Every structure is written in structure tokens, then in C-alpha cells.
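Undergrad: Below is a structure I'd like to ask you about.
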Ligand code: ZN
């Protein structure tokens, strides 16, 4: 290896170490830190983030990158060294394009808007939040201008989170989804009595739930020697390196889905990171391909595996042993149906597989309209409510359960939402390919042989880390770029069967 590339890797390793130290502090803050620690912790994190940013965006890194680019020119596209240089170049240019004053202004705007949003949500009073959201929209425009775009401002923001994807491409995908889901939601709603989920609310001992969930995710392939599970208000996954990838969960006595499916979701993220190649450690490639690709793995394990009939054929006997009281008189088929209950609802994070993407579609549309100026912030609640009515057929009773429900817009972070839908679509696209290459996949799941699917995902997706963009990865693994068809076929088939033949049309 050349001196420049070697030196570049040393600096990238240090930047990674500083970022991972920040991650440890963040994990502690979300799990065990006493409330009094907030102010000191904010200082510590700000300092570490600044150190990492300064180190990464230095002139030295720019010079080493240029030299290294000349040296890796002859290497294959997917080689470690060529990929490290290519992806570092993308990160470096993005980080250098945002003026320091704008970065600071964004941090301040987010910090001041956050408590106002909390109060506005609590009081269900959008007018409190309105001026802050106006400023955040303006800052998102400034970010888009600084990053640059050819067609639409959203392209700049999207390219930062899901590199290679464009607003036009997403619009086409969402149009296709809307055409398929809106009628399916109507069909399911007309047959809502076909699925009874009352068993989920019968009261499940919280400690037993947490223990059972941990047992399940270990069986799926989450390695507890290189991770741990703790409780937090909002479940998350966080990584300090290949040997330490932690997950958290939350638990409710009165609603079964929260703990188990939350744990499987986070374990999906966790198994992804535990599967990234050791050869990529301490480089910018030791991470998921994008937030969307990461979400594809959490949702694949949570929904396409965890909510499948084959999964419950294997796990239901042990679940009934663990919770004999609430599960008395409930057979495996009824339980499988209960955890797949679908109904139009107001809150995104509680939405089921069928309706979830409609919640994202409306946020994607509104963000675009705000950014391009065709929608005024003052008119946002009305636009929100009208779209919920049109897509899901329900009325929004107040802004708390409507436009104020998500934390995202209190920070300057547009273009995050589409990643959730991309995750659903890419998960289905990957699963369709896995089924072709592993014809007995359902059989292996039914027998509890989850390693078969995990190995396939590790080989095709996890080990590459961040080497490829979402479209590059989908092309490599499935032979085509991102497409909505496998997901549409999956929900039509599954929910058509659950709710009667009509929905399958
Ligand atoms: Zn997730």
C-alpha cells in the first residue's frame, strides 16, 4: 500500500474512534445516565463531534485523498481500497460544502425548536411551532443550495442520505405504491372483522417479555458475545465496532407487539452491523449502505420473518409456555393473524405493514411542497389532514395526532422519512431474490434454522458495509435497481390471504 493511502487510513481510523466514543456516550445517555448529566454530556458530545469534523475535513485529508485517488485508479470498483477512497471522497466533499456557520446555525435551530415542538405537541397547538418550522424549512433550502442540485432542491438532501436516488425516481415509486395500497387499505378496512387481535392486550409480564425477546433474537442470529440488550424510551441500535453492537427495547404489559417486534427490529439492524467485514473496520465503510438499506434489514427480520406463519410455527409453542395465562385457548394460527392485524391509524410509528408507506408518502409530498414553496407552513396542518383523509379514510382529531406527531421536523432534517419506505421495498426485493436462491426458505424458518437466511444476507449484503450505494447494491444482488413490485406482490398476497380473497385482486 502506498504511503498516502496508508496515512489516509490512519486518519480515518482516528476519526472513526472519536465517532465511536461519541456513540458510547450517546448509548449511556439513552440508557443509564441520570437526568442531571444532560448539560455536561451535551458539551462532551459537541466537543467530540467538532474534533471529528475538524480532523476529517482538514486540508491534509483533501491532499491525501487526491494522491490516493491516483493510486487506486487501476483497482476493481469493489476492492476495499478503491471503495474506501471513493466513499471517503463523497463524504469529504459533502462535509466541505456546508459552511461552518450554517452547520452551527442548524445545530442552534434544532436545539431551540425541539422544546417548542414538545410543548406544541403537548398542547396540540401548531401555531406555537409554526415560526420555528418556517426557519427550519428555510435552513433546509440553504443546505440544498450549499450542496447543489440539478433539478429539485430535495435531490440535494436525498443524495446525502440515500446516495444516487432522485426525487423523480421516488415520486414514480410512491405513485406506484399509492395506486396499489389505497385500494388494498379500503378492502382490508371493509373486512376488518376477519382478524381479531384482542389477545395482544391481555397483559403479558414485562420481565418475561424482555427475556423472551432476547432469547428470540439470539436464536435469529444476534450475537450476544458482541452486543447486549437494554431498555430505553425509544428503541435503537448503536455500534462501537465489530465486537460491540448494542440494541435496546421497550416493553408494555398491555400491548404485546411493542417488546418482541421492537427487539426483532433492532436485532435486524444489529445483525447487519455484526456482519460487516472485519476488513472494513475503522474506515468509513464500516457502516450500513444507507439508512434505507439499514431499515430494509430491520423490517425484513421484523415483518417478513417475524410476522410470517413459518416463524410462528417454530416459536409459538415456546411462547405459549412462557405466557400460559394470556395465551390460554389461543392457537398458533389465531396468534399469527393477531400480530398481522391491519387498520388505518393516525400514528406512523404504530402503523402496520400495509398502511405504513402511506404515512411516509404524505410526509415526502409535504416536505417537497414546503421546500419548493408551493405549500406554506401555515397551511401545513390542513394539507396534512386532507391527505390522511384521502389516503387512509380517517379524520385527524387534533394536531398532536396529526402534523405534530414526529420529532423529525423540529430538527433541520428533511429527506429522512423516505428511508423507511425504501427499507420496506428493498427488504422485499432482497427477500424475493433470497427465496429464488433458497427454495426451502420457509422450511428452514419453520425448523428454526435461521442461519440459512442470515448467511445469505451476510454474503450478499452485510459484509460489504457501505461499499455500494442503495441502487448499486440492489443491482448487484437482485439484478435490477430499486423497484416496488416485490413489496406490492408480498403485501397483496399476505393480506389478501389474511383478509379474504377480494383484497388479493
Ligand atoms: Zn429501524
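Every read-out reported here was derived from the displayed coordinates using simple, explicitly stated rules and does not represent laboratory data. Given the structure is predicted, the values throughout are model-derived calculations rather than measurements. A quick note on method: Cβ atoms are made from the backbone with ideal geometry, for glycine too, and the neighbour counts reach across all protein chains shown.
Undergrad: Taking 0.36 nm per residue of separation and subtracting the Cα-Cα distance, what length does fully extending residue 190 through residue 168 add? Walk me through the numbers before you get to the answer.
TA: Working: separation 22, 0.36 × 22 = 7.92 nm, distance 3.34 nm.
Stretched out fully, the residue 190 to residue 168 stretch lengthens by 4.6 nm.
Undergrad: How far is the Cα center of region 151-168 from the Cα center of region 1-71, in Å?
TA: 25 Å
Undergrad: Multiply the residue separation of residue 236 and residue 77 by 0.36 nm, subtract the distance between their alpha-carbon atoms, and state the gained length in nm to one decimal.
TA: Gain in length upon complete extension: 54.0 nm.
Undergrad: Which whole-number value in Å³ per residue fits the convex hull of the alpha carbons of the chain? Walk me through the numbers on the way to the answer.
TA: Numbers: hull volume 75.9 nm³, N = 505.
Normalising the Cα hull of the chain by residue number yields 150 Å³.
Undergrad: Counting alpha carbon pairs within less than 8 Å and at least 6 residues apart, what relative contact order, in whole percent, applies to region 167-504?
TA: Once divided by the residue count of region 167-504, the mean separation gives 24 percent.
Undergrad: Using the beta-carbon distance between residue 333 and residue 198 and R0 = 22 Å, what value does 1/(1 + (r/R0)^6) give for FRET efficiency, to the nearest 0.05?
TA: For R0 = 22 Å, the calculated efficiency reads 0.90.
Undergrad: Right, another one. In nm, give the distance between the simple-model label positions of residue 39 and residue 135, each being 7 Å from the Cα along the Cα-to-Cβ direction.
TA: Using points 7 Å along Cα→Cβ, the separation is 2.1 nm.
Undergrad: State, to one decimal in nm, how far the label point of residue 86 lies from the label point of residue 28, with both points 7 Å from Cα in the Cβ direction.
TA: The two pseudo-label positions are separated by 3.9 nm.
Undergrad: Tell me, how many Å apart are the Cα centres for region 205-269 and for region 424-486?
TA: Cα centroid to Cα centroid, the span is 22 Å.
Undergrad: Just to verify a number: FRET efficiency for residue 149 and residue 321, C-beta to C-beta distance, R0 = 45 Å, to 0.05? Present the calculation step by step, with values, prior to reporting the outcome.
TA: Numbers: r = 56 Å, r/R0 = 1.25.
The computed FRET efficiency comes out at 0.20.
Undergrad: Using a simple spin-label model with points 7 Å from Cα along the Cα→Cβ vector, what separation in nm is obtained for residue 438 and residue 21?
TA: 4.0 nm
Undergrad: Residues of region 366-385 with amide nitrogen under 20 Å from the 7 Å Cα-to-Cβ point of residue 127?
TA: Those under the cut-off are 376-385.
Undergrad: How do 193, 71 rank when sorted from fewest to most other Cβ atoms within 10 Å of their own Cβ?
TA: Ordered from fewest to most neighbouring Cβ atoms within 10 Å, 193, 71 come out as 193, 71.
Undergrad: Calculated FRET efficiency, residue 107 and residue 66, Cβ-Cβ r, R0 30 Å, to nearest 0.05? Please report the intermediate quantities before stating the final value.
TA: Working: r = 30 Å, r/R0 = 0.99.
The calculated FRET efficiency here is 0.50.
Undergrad: I would also like to ask the following. Provide the gained length on full extension for the span residue 374 to residue 228, in nm with one decimal, where the gain is 0.36 nm per separating residue minus the Cα-Cα distance.
TA: The residue 374-residue 228 span can extend by a further 47.9 nm.
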